[in-house]
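Participant: Could you have a look at this structure, given as structure tokens, before my questions?
The values are calculated or read from the model by the stated rules, or taken from the named source; none is laboratory data. Given the structure is predicted, the values throughout are model-derived calculations rather than measurements. Positions of Cβ are generated from backbone atoms using ideal geometry, with glycine treated the same way; all protein chains shown enter the neighbour counts.
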Amino acid sequence: MQPILSRPVRIAGVTAHTRFLVTASEPERAALAEANGLEGVTSFEAVFELEREGGAGLRARGALAAEVVYRCVVTLEPVPGRIEEAIDVTFREDALPESHGEVSLEAEDPPEPAPGGVADLGALAAEFFALALDPYPRAPGAALATVAEPDEPGPFAALARLKGGSEGG
């Protein structure tokens, strides 16, 4: 499956220090919005500083900046938002895909696989974007209404009275 945002980089083609820019086109921003349940993505840019690490390694350090339009979870009004996320990932051609064994929070992140010696910086930026989104965006001043206790007892209270009345007789 092709990622929404793909910017493949051959590790072997990266010199000592290379700057790489990922800017999403209008159709890519629309696809990112749809895939992430957003009203829109008005801008999306990631800047990476790339440097080689060993023969098959590549370190990508940079930052992602995006302007988005959420839908308020309370009022359903459009809510503008800004994503700013630091990125620091190492790719290795010979890295194994992530196993789902025990994970230690103190352990360093393993390198990302780069099949065929290619690191996809667009897919990486889109992944960090999705992880940085606010899962519960709210419009300014939007609050959930508090639920008051009903004045009348509910149907379960009536059932409890029936059950209590039949035990005594």
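Participant: May I ask you to verify whether V89 is under 19 Å from Y136 (Cα atoms) and either at pLDDT below 95 or buried (at least 16 other Cβ atoms within 10 Å of the Cβ) (or both)?
Facilitator: It is false that V89 is under 19 Å from Y136 (Cα atoms) and either at pLDDT below 95 or buried (at least 16 other Cβ atoms within 10 Å of the Cβ) (or both).
Participant: Which count do you get for residues in the range 32-65 that are farther than 19 Å from R19 by Cβ, buried (at least 17 other Cβ atoms within 10 Å of the Cβ) and in contact with a Leu (Cβ under 9 Å, 6 or more places away or on another chain)?
Facilitator: Of the residues in the range 32-65, 3 are farther than 19 Å from R19 by Cβ, buried (at least 17 other Cβ atoms within 10 Å of the Cβ) and in contact with a Leu (Cβ under 9 Å, 6 or more places away or on another chain).
Participant: Hey, another quick one. Is at least one residue of the range 10-20 surrounded by fewer than 16 Cβ atoms within 10 Å (Cβ to Cβ), touching a helix residue (DSSP H, G or I) at 6+ places or on another chain (Cβ under 7 Å) and part of a strand (DSSP E or B)?
Facilitator: So far as the range 10-20 goes, yes, one or more of its residues are surrounded by fewer than 16 Cβ atoms within 10 Å (Cβ to Cβ), touching a helix residue (DSSP H, G or I) at 6+ places or on another chain (Cβ under 7 Å) and part of a strand (DSSP E or B).
Participant: Can you name the number of the only condition in (1) modelled with pLDDT under 90; (2) under 21 Å from the mean Cα position of the chain (by Cα); (3) surrounded by 16 or more Cβ atoms within 10 Å (Cβ to Cβ) that A123 fails?
Facilitator: Looking at each condition in turn, A123 falls short on (1).
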